[in-house]
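To start, the structure under review is shown below, and the notes come after it.
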Amino acid sequence: MENNKMKFADLHLHAWTYSALNLFPDLSKCTSFEEIEETLRAHPLNNWYVGVRFNQEFLKEKQIPPKALLDSWFPDHPALLVRTCLHLAVLNTKAMEQLGFNAPSGVLLEEEVFNLLEKFIEVNAIPKQEVLEKGVRRLSEFGITKFVDMHVTKENASLLAGFPFYTSDPDLLSDALGLKVFLDGSLGARTAALTKEYSDDPGNYGKLNHTDEELFSLVELAYKKDKPVALHAIGDRAIDQALSVLKKSRHPLDRIEHLQITRLDQIEELAKLEIAACIQPIFSKELPWATERVGNRIETSYAWGLMKDYGVKLLVGSDAPVDDVSPFEAAKVVDELQGPHHLDKDFVLKLYSSDNFDFYGWERQT
């Protein structure tokens with residue numbers, strides 16, 4: 001952890017989920033199913049076996065651990081795994097029984113993963129306020145004195161009162177900074193929406209979560225309350241959809257989130273329309289396996305440096321707990337890259353320490 005006096009604003013993280021996931025063992029360094037099992041057995045919680053932040057791309061098996069495997073490991077105890085992207089979880093039979101989920105494959109996707117974590121906390125009577133306070137203190141140790149929680153729900157709205165947030169729930173919109181809309185899923189789970197099929201999964205183009213008409217209705221709902229939108233768009237097909245909607249009507253604080261798989265024409269359009277792009281430089285660690293997903297499209301993907309060169313308005317966040325929350329680690333990762341993927345370390349720290357504050361008119365903290 002860096003010892004510094006800089007103060008940062010992280011404009012895209014999940015404070016409650018970050019805090020809650022600190023309860024469980026981190027599987028990000030596991031390289032095999034065997035190591036996952038060993039880690040789970042060493043860290044039971046209330047007779048549950050839960051692990052978070054696994055990534056099948058770093059496992060020798062190169063696959064998501066199946067429900068049958070979790071059942072064989074823990075036939076008499078509930079067990080579950082949450083992928084690093086937070087868009088996929090795997091539960092064994094006992095876990096589904098105790099949490100009230102019914103998925104033959106044991107796999108939950110997208111919004112269901114957040115619901116799963118809330119249900120786990122509820123079933124195990126874990127003190128949420130205490131967990132959140134520890135998480136916020138930990139963020140401050142990284143210099144993060146201001147943050148935006150990007151996924152507040154009815155279940156955690158009162159808990160996060162006083163913190164700026166986005167929500168996908170229209171009922172909470174009056175108290176939120178804006179409306180969060182998930183246009184697609186994640187690259188790791190191959191649910192990010194692409195215009196061309198996945199290079200490592202022929203025939204799969206990912207999936208859009210909304211039709212254009214549905215998305216436009218959601219955006220208009222936010223605008224009627226004078227609220228901006230934050231559009232989660234990882235794949236280029238999702239980014240196309242975001243741009244097509246934001247072309248028609250704009251709020252000055254509209255944002256597009258992630259923008260990992262991009263084309264040059266989209267980067268040019270972002271700059272022309274002056275739409276803010278909230279990127280996660282720490283995600284550049286994904287480049288080796290992301291290249292397998294999209295092939296030569298990687299040349300204009302994770303292209304933060306190219307976005308900067310074309311004049312795109314950049315904001316920055318970590319998406320913690322999806323990845324490392326440290327601004328210094330994010331800056332280090334992209335500073336070591338070349339070409340369109342490179343950003344100078346000092347520029348990344350400037351985004352965190354000044355540009356992020358300025359976007360919302362917050363007083364810079366020194």
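The values are calculated or read from the model by the stated rules, or taken from the named source; none is laboratory data. Bear in mind the structure is a predicted one, so any value in this text is a computation, not a measurement. Neighbour counts are summed over all protein chains in view; Cβ atoms, including those assigned to glycine, are modelled from backbone coordinates with ideal geometry. Keep in mind that these areas ignore ligands, DNA and RNA; they rest on the heavy atoms of the full protein, side chains included. Shrake-Rupley method; radii C 1.70, N 1.55, O 1.52, S 1.80 Å.
As a summary of the residue check, E35 satisfies the conditions (1) free of Cβ contacts under 8 Å to residues at least 12 places away in the same chain; (2) open to solvent by less than 10 Å² (accessible area, probe 1.4 Å) except for the one numbered (2). State all residues of the stretch 199-224 that are in contact (Cβ under 8 Å) with a residue 24 or more places away in the chain, touching an Asp or Glu at 6+ places or on another chain (Cβ under 9 Å) and under 28 Å from A290 (Cβ atoms); if no residue qualifies, say none. Scanning the stretch 199-224 gives S199, D200, Y205, G206, L208, N209.
If a residue must be open to solvent by 60 Å² or more (accessible area, probe 1.4 Å) and either hydroxyl-bearing (S, T, Y) or within 20 Å of T262 (Cβ to Cβ) (or both), how many such residues does the stretch 314-343 contain? Qualifying residue count, the stretch 314-343: 1. Screening D171 against (1) at pLDDT below 95; (2) loosely packed, with under 14 Cβ neighbours inside 10 Å leaves a single unmet condition, (1). In the condition set (1) within 23 Å of V152 (Cβ to Cβ); (2) at pLDDT below 95, K247 is compliant with all but (1).
So for the stretch 255-271 (the condition being open to solvent by 10 Å² or more (accessible area, probe 1.4 Å), among the aliphatic types (A, V, I, L, M) and either within 22 Å of L13 (Cβ to Cβ) or without any contact (Cβ under 8 Å) to a residue 40 or more places away in the chain (or both)), does at least one residue qualify? No, every residue in the stretch 255-271 fails to be open to solvent by 10 Å² or more (accessible area, probe 1.4 Å), among the aliphatic types (A, V, I, L, M) and either within 22 Å of L13 (Cβ to Cβ) or without any contact (Cβ under 8 Å) to a residue 40 or more places away in the chain (or both).
Evaluate the following for L99: is it open to solvent by less than 50 Å² (accessible area, probe 1.4 Å), in contact with a strand residue (DSSP E or B) (Cβ under 6 Å, 6 or more places away or on another chain) and aliphatic (A, V, I, L, M)? For L99, the condition - open to solvent by less than 50 Å² (accessible area, probe 1.4 Å), in contact with a strand residue (DSSP E or B) (Cβ under 6 Å, 6 or more places away or on another chain) and aliphatic (A, V, I, L, M) - is not met.
Per-residue answers, yes or no, for (1) of a type in the set (F, W, Y); (2) at pLDDT 95 or above; (3) over 25 Å from T211 (Cα atoms):
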position: V148; (1), (2), (3): no, yes, yes
position: E155; (1), (2), (3): no, no, yes
position: G162; (1), (2), (3): no, no, yes
position: A176; (1), (2), (3): no, yes, no
position: L179; (1), (2), (3): no, yes, no
position: S186; (1), (2), (3): no, no, no
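Taking the criterion of being surrounded by 15 or more Cβ atoms within 10 Å (Cβ to Cβ) and farther than 29 Å from W48 by Cα, the residues of the stretch 124-144 that qualify are F142, G143, I144. Screening the stretch 41-55 for residues that are open to solvent by less than 50 Å² (accessible area, probe 1.4 Å) and free of Cβ contacts under 8 Å to residues at least 40 places away in the same chain and picking the one that is farthest from the chain's Cα centre (by Cα) gives Y49. Considering only residues in the stretch 119-146 that are over 16 Å from N22 (Cβ atoms) and at pLDDT below 95, the one that is nearest to the chain's Cα centre (by Cα) turns out to be K119. When the residues of the stretch 287-305 are filtered to those that are within 15 Å of E336 (Cα to Cα) and surrounded by fewer than 23 Cβ atoms within 10 Å (Cβ to Cβ), which remaining residue is nearest to the chain's Cα centre (by Cα)? Selected residue: L287. For the stretch 275-285, the criterion of being at pLDDT 95 or above and at positive phi is met by none of the residues.
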